[in-house]
Amino acid sequence: MVDEKLVYAKLKTVFDPELHINIVDLGLIYEVKVDKTTVKILMTLTFPGCPLGATIHKEINETISKIPGVKKVGLEITFTPPWDFSKVSETAREQLGLI
């Protein structure tokens, strides 16, 4: 059975190609909803027009689609609220050398 915990674990294997930190710890994932065989993800990017957005989107689709039982992945990008460093986990802050 697909659940949010499993989806978040898989999303932690998707890395920002530029920062080399997973998108969950970067605070890019705002919400995950699972409805039977459909996974809906609400996320942001570090800034509007981020040239790596398409790459991240593709990797999310490929990664989540491999979860047994997932038939559809819906990904919505939002900039409300905008991303900032307050959304970054302590682990990612350490990796970025911020603490």
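Flag set for T80, criterion: surrounded by fewer than 14 Cβ atoms within 10 Å (Cβ to Cβ), of a type in the set (V, I, T) and out of contact with any helix residue (DSSP H, G or I) (no Cβ under 8 Å at 6 or more places or on another chain). Being modelled with pLDDT of 95 or more, of a type outside the set (A, V, I, L, M) and out of contact with any strand residue (DSSP E or B) (no Cβ under 8 Å at 6 or more places or on another chain): is that true of G97 here? No. Within the range 7-20, being surrounded by fewer than 18 Cβ atoms within 10 Å (Cβ to Cβ) and β-branched (V, I, T) holds for one residue alone: T13. The residues in the range 21-67 that are in contact (Cβ under 8 Å) with a residue 24 or more places away in the chain, loosely packed, with under 13 Cβ neighbours inside 10 Å and either over 20 Å from V2 (Cα atoms) or not basic (K, R) (or both) can be counted, and the count is 3. Scanning the range 20-56 for residues that are basic (K, R) and modelled with pLDDT of 95 or more turns up K33, K40. Applying the set (1) within 18 Å of M1 (Cα to Cα); (2) among the charged types (D, E, K, R); (3) loosely packed, with under 14 Cβ neighbours inside 10 Å to E90 leaves exactly one unmet item: (1).
The values are calculated or read from the model by the stated rules, or taken from the named source; none is laboratory data. None of these values were measured; they are calculated from a predicted model. Every residue, glycine as well, gets a Cβ built from its backbone with ideal geometry; the counts of neighbours run over all protein chains shown.
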